[in-house]
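**Q** There's a structure below that I have some questions on.
The values are calculated or read from the model by the stated rules, or taken from the named source; none is laboratory data. As the structure is a computational prediction, the values presented were derived from the model and not from experiment. Cβ sites come from the backbone with ideal geometry, for glycine too, and all protein chains shown count toward neighbours. Areas reflect the complete protein model, heavy atoms only, side chains present, ligands, DNA and RNA absent. Shrake-Rupley method; radii C 1.70, N 1.55, O 1.52, S 1.80 Å.
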Amino acid sequence: MSTISRFARMKDLPSAHLLGAGTAMCAGCGGLEAVKEVYDVLGKKTVFVNAAGCMTLTAVYPFTPFQGSWLYTAMASAPAGAQGVRDALDILKAKGRISDDDDLDVVVLTGDGSAYGMGLSATSGAIERGLDFLYLCYDNEGYGNTGQQTSGATPLGARTSTNTLGFTGDKKDLFSIWAAHDPAYVATVIAAEPLDLARKIEKAASMKGPRLILALSPCPTGWDYDPKDTVEIGKLAVKTGIWPLKEYVDGRVTHTRIPHPRVPVEEYLKLQGRFKHLFTPKRDNFTIADIQARVDAYWAEVENDKG
Ligand SMILES: Cc1ncc(C[n+]2csc(CCOP(=O)(O)OP(=O)(O)O)c2C)c(N)n1
Ligand code: SF4
């Protein structure tokens with residue numbers, strides 16, 4: 001695996017894009033932005049195995065924004081679909097029907113409803129079998145396509161259509177769940193930090209085996225904000241420390257960005273309608289402080305681990 005990235009600076013990022021325009025996604029969709037950036041780095045020889053969710057609407061017959069193949073599966077079944085596609089490609093190669101050059105990278109594409117919930121046992125099995133695939137989860141922190149119901153990825157305090165007073169639980173730690181399986185690679189990314197994302201996709205693409213890319217995906221519709229703010233909200237997710245940029249390789253977790261000084265979490269929260277009830281009609285100091293305390297505790301542990 002090469003340690004020198006071809007992405008040294010922003011100007012090294014691909015300037016021509018593989019994903020076609022004109023999808024049925026909402027304006028400002030942070031998930032689509034992540035898919036676009038990932039696709040540009042992976043290249044055309046990619047087959048997407050897409051579980052039901054918002055991205056299902058990218059390819060509506062006869063239109064597809066992908067330059068290669070795209071397969072639709074049920075919500076829980078994308079890893080099983082990926083296994084079938086991988087096996088078929090391997091059989092074709094073994095029979096000499098396709099060359100190594102014709103081989104495709106198999107990429108699961110799911111929302112957090114599938115990745116953190118319904119598809120998790122199928123994913124666990126695929127990692128256990130050592131399936132050679134990349135799993136891209138665009139995490140919009142809810143069941144977006146059906147109206148932003150609470151999912152396993154919904155964070156503390158967020159209003160969803162099933163927690164109209166704000167979710168009182170905490171976001172499931174999918175990064176650690178994957179890492180506990182000791183796969184080839186696990187990384188968090190965000191489209192608003194394209195250089196970090198490109199380097200991680202480049203690294204993941206150079207590996208074999210199960211690899212997770214977990215992309216926090218600001219969602220104007222479900223998070224209730226102006227679509228023009230997608231990039232700002234994404235950058236604030238990193239600057240506040242709410243979305244740590246990190247990777248797991250060979251049993252070690254490394255942070256690729258340590259926000260310093262960290263911006264207070266309320267700068268991120270107050271831009272989003274899903275947290276509006278924390279500020280008006282009366283400021284909910286208790287919940288805002290609780291969210292801040294959890295973020296502070298996370299980074300204190302990171303500091304401790306370094307010592
Ligand atoms: C087993 C099952 N239950 C419910 C649905 C209905 N459904 C279709 S898309 C969707 C939301 C999926 O949420 P997520 O995986 O987070 O992706 P997003 O919609 O946010 O892109 C649901 C519940 C379904 N297709 N299959
Ligand atoms: S609901 Fe959210 S994730 Fe789904 S297409 Fe719209 S902006 Fe994207």
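**Q** To the nearest 0.05, what FRET efficiency results for Asp90 and Lys282 with a Förster distance of 45 Å applied to their C-beta separation? Walk me through the numbers before you get to the answer.
**A** Values: r = 60 Å, r/R0 = 1.33.
The pair Asp90/Lys282 has a calculated efficiency of 0.15.
**Q** For a test of the definition: using alpha carbon positions, the gyration tensor, and the 1.5 limit on a/c, classify segment 1-115 as rounded, prolate or oblate.
**A** Details: a/c = 1.70, a/b = 1.08, b/c = 1.58.
Judged from the Cα gyration tensor, segment 1-115 comes out oblate (a/c at least 1.5, b/c at or above a/b).
**Q** Assuming 0.36 nm per residue, please report the length gained on full extension of the stretch Asp229 to Glu267 beyond their Cα-Cα distance. Don't skip to the end; give the middle numbers.
**A** Values: separation 38, 0.36 × 38 = 13.68 nm, distance 1.27 nm.
Gain on stretching Asp229 to Glu267: 12.4 nm.
**Q** Follow-up question, since we're still on this one. Based on Cβ point charges of +1 for Lys and Arg and -1 for Asp and Glu, what charge dipole magnitude is obtained for the chain about its Cα centre, in debye rounded to the nearest 20? Each step should come with its number before you reach the end.
**A** Working: 33 positive and 36 negative charges, 59 e Å.
That gives a dipole near 280 debye.
**Q** Another question, if that's okay. Which value at 222 nm does the chain reach when only helices count, each DSSP H run of 4 or more adding -39,500 (n - 2.57), with the total divided by all residues and rounded to the nearest 500 deg cm²/dmol? Each step should come with its number before you reach the end.
**A** Numbers: 9 runs with 97 residues, N = 307.
Mean residue ellipticity, 222 nm, calculated: -9500 deg cm²/dmol.
**Q** Nearest 10 degrees is fine. How inclined is helix 78-94 to the longest principal axis of the chain, computing both from alpha carbons?
**A** That works out to roughly 20 degrees.
**Q** Ser124 to Asp12: extension gain in nm, 0.36 nm per residue of separation minus the Cα-Cα distance?
**A** Details: separation 112, 0.36 × 112 = 40.32 nm, distance 3.52 nm.
Difference between extended and current length: 36.8 nm.
**Q** Based on Cβ point charges of +1 for Lys and Arg and -1 for Asp and Glu, what charge dipole magnitude is obtained for segment 32-180 about its Cα centre, in debye rounded to the nearest 20? Spell out each step's value before the answer.
**A** Values: 11 positive and 17 negative charges, 68 e Å.
That gives segment 32-180 a dipole magnitude of about 320 debye.
**Q** Could you point to the residue in Thr56, Phe66, Leu13 farthest towards the positive end of segment 1-80's charge dipole, with +1 and -1 charges on the Cβ of Lys/Arg and Asp/Glu respectively?
**A** The Cα lying farthest towards the positive end belongs to Leu13.
**Q** Run the numbers for Glu303 and Asp170: contour at 0.36 nm per residue of separation, minus the present Cα-Cα distance, in nm. Before the final figure, lay out each step's value.
**A** Values: separation 133, 0.36 × 133 = 47.88 nm, distance 2.21 nm.
Once the chain is fully extended between Glu303 and Asp170, it gains 45.7 nm.
**Q** Projected onto the charge dipole of the chain (+1 at Lys/Arg Cβ, -1 at Asp/Glu Cβ, origin at the Cα centre), which of Phe133, Thr280, Ala153 gives the Cα projection farthest towards the positive end?
**A** Projecting each Cα onto the dipole axis, the largest value belongs to Thr280.
**Q** When ranked by the protection proxy of mean other Cβ atoms within 10 Å per residue, highest first, what sequence do the peptides 139-146, 286-293 form? Intermediate results must be reported in sequence, preceding the final value.
**A** Values: 139-146: 24.6, 286-293: 15.4.
In decreasing order of mean packing, 139-146, 286-293 become 139-146, 286-293.
**Q** Further question on the same structure: Check which residues have an amide H placed less than 5 Å from Val108's amide H, if you skip close sequence neighbours.
**A** Val49, Leu134, Tyr135, Leu136
**Q** Kindly sort Ser114, Ser99 by accessible area of their heavy atoms, largest first, with the probe set to 1.4 Å. Intermediate results must be reported in sequence, preceding the final value.
**A** Details: Ser114 5, Ser99 55 Å².
Descending accessible area places them as Ser99, Ser114.
**Q** Around Gln148, which amide H atoms from residues at least 5 apart in sequence, or from another chain, sit under 5 Å from its own amide H, with H modelled in the peptide plane?
**A** Residues meeting the criterion, in which the H sits 1.01 Å from N, are Tyr143.
**Q** Please compute the contact order of segment 117-196 in relative form: average sequence separation of alpha-carbon pairs under 8 Å and at least six residues apart, divided by the residue count, as a percent.
**A** Contact order relative to length: 20 percent.
**Q** Next question. First compute the accessible area of the chain with a 1.4 Å probe, then give the percent of it belonging to carbon and sulfur atoms.
**A** Numbers: 7800 of 14050 Å².
Answer for the chain is 56 percent, counting heavy atoms of protein chains only.
**Q** Given Cα pairs under 8 Å that are at least 6 residues apart, what percent is the relative contact order of the chain? Each step should come with its number before you reach the end.
**A** Details: 574 pairs, mean separation 53.7, N = 307.
Computed value for the chain: 17 percent relative contact order.
**Q** Still on this model: Ranked highest first by the average count of other Cβ atoms within 10 Å around their residues, in what order do 157-164, 58-65 fall?
**A** Working: 157-164: 17.8, 58-65: 13.9.
Highest to lowest by the protection proxy: 157-164, 58-65.
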